[in-house]
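The values are calculated or read from the model by the stated rules, or taken from the named source; none is laboratory data. Predicted, not measured: the structure shown is a model, and the values here were computed from it. Backbone-built Cβ (ideal geometry, glycine too); neighbour counts: all protein chains shown. We work out accessible area using only protein heavy atoms, side chains counted, and drop any ligands, DNA or RNA first. Shrake-Rupley method; radii C 1.70, N 1.55, O 1.52, S 1.80 Å.
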Amino acid sequence: MSILTFDTLDSTNSYLKRNGKNLDHFTVVQANHQEQGKGRLGRSWQDQGNSLLFSILLKEKIEPERVPLLSLLAGASVVLTLEHYGLTPLVKWPNDTLVSEKKISGILTEAVSEGEDIFYIVGIGINLNQKGFEGELSQKATSLFLLTKKEYDKEEVLTVLLSYFTPLYQDYIQGGKKFLTVVKSHSYLDQKEVSLDYYGEHIHGTVIDITDKGTLLLDVSGKQIEVSSGEVTLNQMYLK
Ligand code: BTN
């Protein structure tokens, strides 16, 4: 594994998209600050230089149906890292990690195909040393500093995270599901009522579980439906 560290990049995911072809499997790219940080669903991911921002390049062959599991695998390593620092995190399927109902980390997984070759980029952002958030974000976001009143060293947190990610990834690539045990035991949405857009239709349901395929299993009016991350937008949550 090699770690490339930059002061400023447009986005660590974009860097690997451009250069991944010529870099080794498991290259990790970290930036102190991103000028065009990317979030899910075309959103931006802003930072003021006090977040841990990095992406991992994966060049091994992965069966297409197992690719969506990569975000959950990353989520499992974020959860274990935050627990290492004494926090009680939960995974909000499919890509967020929450502590005390507020988002502390987001994940953006991308696939890049170059001719016959496909490689994968797992981008992770963790709010580390923010002393507060502006406006709407103050209700929705938190950081390790806000939760523990301590400052964190980016390199150290990255090392801890990779020490969890690496064995979970090795297990996953051999067909294992150790990461799913972590995700399922830390699932924020379990038993919650959610409303979502499903193939253009607005539906309400109760979350039953996260399946071994990484999909969300819902009870919608007594009928079980499975949704995958690409096809839903969670609109609202009704806490029970
Ligand atoms: C989300 O919550 O919508 C996903 C956010 C992902 C942010 C990380 S920060 C490191 C990597 N580089 C990016 O441009 N995005 C991801």
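Residues of segment 30-88 that are at pLDDT 95 or above, closer than 18 Å to TYR15 by Cα and open to solvent by 30 Å² or more (accessible area, probe 1.4 Å): ASN32, HIS33, GLU35, GLN36, LYS38, LYS59.
Per the conditions (1) modelled with pLDDT of 95 or more; (2) surrounded by 22 or more Cβ atoms within 10 Å (Cβ to Cβ); (3) more than 9 Å from the ligand (Cβ to nearest atom), the sole criterion not satisfied by TRP93 is (1). Residues in segment 132-159 that are without any contact (Cβ under 8 Å) to a residue 40 or more places away in the chain and in a loop (DSSP other than H, G, I, E, B): 9 in all. Exactly one residue out of SER11, SER113, SER100 is open to solvent by less than 10 Å² (accessible area, probe 1.4 Å) and over 23 Å from ASP197 (Cα atoms): that is SER11.
Scanning segment 101-129 for residues that are within 16 Å of the ligand (Cβ to nearest atom) and more than 19 Å from the chain's Cα centre (by Cα) yields nothing. When we screen GLY125, GLY214, GLY176, GLY205 for residues that are part of a strand (DSSP E or B), out of contact with any Cys (no Cβ under 9 Å at 6 or more places or on another chain), open to solvent by less than 40 Å² (accessible area, probe 1.4 Å) and under 22 Å from GLU110 (Cα atoms), the only hit is GLY125. Taking only segment 1-52 into account, find how many residues are more than 8 Å from the ligand (Cβ to nearest atom) and without any contact (Cβ under 8 Å) to a residue 24 or more places away in the chain. Within segment 1-52, residues that are more than 8 Å from the ligand (Cβ to nearest atom) and without any contact (Cβ under 8 Å) to a residue 24 or more places away in the chain number 7.
For segment 10-52, the set of residues classified as under 24 Å from PRO94 (Cα atoms), part of a helix (DSSP H, G or I) and of a type outside the set (Lys, Arg) consists of THR12, ASN13, SER14, TYR15, LEU16, LEU41, GLY42, listed by residue number. In segment 53-87, of all residues being acidic (Asp, Glu) and either in a loop (DSSP other than H, G, I, E, B) or free of Cβ contacts under 8 Å to residues at least 12 places away in the same chain (or both), the one that is farthest from the ligand (Cβ to nearest atom) corresponds to GLU63.
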